[in-house]
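J.: Starting off with a structure, shown below.
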Amino acid sequence: EILIGLVGSEMCIRDRPERMRKPLEDLKIVQTASWVPDQVIDNDDLSRIMDTSDDWIQSRTGIKRRHISKHENTADLASKTGQLLLEKSGWQAEELDLILVATMSPDAYTPSTAAIVQGKLQAKNAVAFDVSAACSGFVYGLAVASQMMSTGMVKKAMVIGSEVLSKLIDWHDRTTAVLFGDGAGGVLLEKVPVKAPTLLGLQLKTFGELSNELSAGMTSSGNTFPKPLTELTPFKMNGRAVYRFATHEVPESILQASAQNKLTLDQIDVFLLHQANARIIKQVAKRLKQPLEKFPINIAEYGNTSAASEPILLDECVEKGMIKRGDILALSGFGGGLTTGTIILRY
Ligand code: UT7
């Protein structure tokens, strides 16, 4: 039974005697939703408070504006997304078995952002915890949920990527401040009978030796007794190193995930990449020799929203009819850790 729902499961089930066969069950993305704060800060707004320009930001990143929270914290954005997911799907909160929030900007060390969301939604039957893998977080979250579902432990799951990165930004540091934005997006997943497997590839990789290339919220290792608590450190990134990392490792991750079920890249309909920089996405498309039209880009509107960027993009594409039932999607994230992750799913 453990084989059911795992990558390659169809092949394993086919090998069993007829009487042992069970209907193939797998992961279905039942619903998508997203939520971003109202306040919009455009590049000109930033050039009034730091030495930068609309021209530099657009030409180097593709970003025109970003949504920045005024009062809402990460759990607020995640809860609004969760509420929308329930309203749009007609699911009741009590039906949920699992709530995962992928975030690098949690409300607190404890409780987890997911626990706050579970409380707000009154999803009293759901176990809830956070996944910390920065910009790869949403893919890591889908990976954890899918594996908990494949064993039968979880039938209905909510996976959300939510970030209020603006609280971690040094608004005097132009090398990071212009890049990030706030927002949340998520999906409802259900284990359902299917004709063909839906989880077609999954690859995760962590590069801890590169952990210093991107950091935020570092704590002091010194014993603070009897001093007051020290402030968390703001966002710091070696932009060029992470750029090089992303353009090499993301194609590799996608190729490895697709090889698991012998998918060719041409069979993948849409590549939903983490929205860190439009130039990175174009470079990845080029390296994979795939047309750029298969790589939707919405970074102009939101900037880099870390774990939220892929579910926001997925929701937009579904709402606009750019993604349809049956399409094969490759979601690929990369960032802090450093980390990469790709999941290939039939929508
Ligand atoms: O989501 C997590 C993963 N993160 C990423 O994937 C980010 C990866 N890195 C990048 O996307 C790019 O490296 C950046 C967008 C961060 C930077 O672009 P770049 O083309 O690598 O620029 P650079 O860092 O090499 O800087 C070029 C110049 C420098 O000036 P000099 O040394 O050439 O005189 C910078 O000081 O641009 C300067 N600069 C700016 N100028 C105006 C850096 N930031 C700014 C700015 N406005 N905001």
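The values are calculated or read from the model by the stated rules, or taken from the named source; none is laboratory data. Just so it is clear, the structure is predicted and the values come from calculations on it, not from any experiment. Backbone-built Cβ (ideal geometry, glycine too); neighbour counts: all protein chains shown. Heads up: the accessible areas ignore ligands, DNA and RNA and are worked out on the full protein's heavy atoms, side chains in. Shrake-Rupley method; radii C 1.70, N 1.55, O 1.52, S 1.80 Å.
J.: Name the residue that is surrounded by the most Cβ atoms within 10 Å (Cβ to Cβ), counting only residues in the stretch 134-157 that are within 9 Å of the chain's Cα centre (by Cα) and among the aliphatic types (A, V, I, L, M).
T.: Only one residue tops the list, namely VAL139.
J.: Can I ask one more? Please go through (1) open to solvent by 10 Å² or more (accessible area, probe 1.4 Å); (2) among the hydroxyl-bearing types (Ser, Thr, Tyr); (3) closer than 25 Å to ARG346 by Cβ for THR175 and return the number of the only condition it doesn't satisfy.
T.: Here THR175 meets the rest and fails (3).
J.: Something else: Only residues in the stretch 34-50 that are over 14 Å from ARG65 (Cβ atoms) count as the first member; pair them with residues that are in a loop (DSSP other than H, G, I, E, B), Cβ under 7 angstrom, at least 6 apart or cross-chain, and list the lot.
T.: Here the result reads ILE49/TRP171; MET50/HIS172, each pair linking the stretch 34-50 to a residue that is in a loop (DSSP other than H, G, I, E, B).
J.: Next up: If only one of LEU265, LEU313 is buried (at least 23 other Cβ atoms within 10 Å of the Cβ), over 23 Å from PHE207 (Cβ atoms) and touching a Leu at 6+ places or on another chain (Cβ under 7 Å), which one is it?
T.: After applying the criteria, what remains is LEU313.
J.: What are the residues in the stretch 48-71 that are more than 14 Å from the ligand (Cβ to nearest atom) and either buried (at least 20 other Cβ atoms within 10 Å of the Cβ) or among the β-branched types (Val, Ile, Thr) (or both), if any?
T.: HIS67, ILE68, SER69
J.: Just give me the residues in the stretch 157-182 being part of a loop (DSSP other than H, G, I, E, B) and more than 15 Å from LYS70 (Cα to Cα), in sequence order.
T.: ASP170, HIS172, ASP173, VAL178, LEU179 - these are the residues of the stretch 157-182 that are part of a loop (DSSP other than H, G, I, E, B) and more than 15 Å from LYS70 (Cα to Cα).
J.: Which numbered condition trips up LEU272, out of (1) touching a residue at least 60 places away in the same chain (Cβ under 8 Å); (2) within 15 Å of the ligand (Cβ to nearest atom); (3) within 30 Å of ARG346 (Cβ to Cβ); (4) assigned to a helix (DSSP H, G or I)?
T.: Every condition holds for LEU272 apart from (4).
J.: Here's a follow-up. Determine whether ILE13 is surrounded by 13 or more Cβ atoms within 10 Å (Cβ to Cβ), at pLDDT below 95 and not in a loop (DSSP other than H, G, I, E, B).
T.: The answer is yes for ILE13.
J.: Could you list, ordered by first residue, the pairs with Cβ atoms under 8 Å in which the first is in the stretch 216-242 and at negative phi and open to solvent by less than 60 Å² (accessible area, probe 1.4 Å) and the second is of a type in the set (D, E, K, R) and within 16 Å of the ligand (Cβ to nearest atom), at least 6 apart or interchain?
T.: ALA216/LYS236; PRO234/ASP170; PRO234/ASP173; PHE235/ASP170; PHE235/ASP173; MET237/GLU213; ALA241/GLU213; VAL242/GLU213
J.: Further question: Given the residues GLU252, GLU213, which is the only one that is open to solvent by 20 Å² or more (accessible area, probe 1.4 Å), closer than 19 Å to TYR140 by Cα, within 21 Å of the chain's Cα centre (by Cα) and within 16 Å of the ligand (Cβ to nearest atom)?
T.: Just one listed residue meets the conditions, GLU252.
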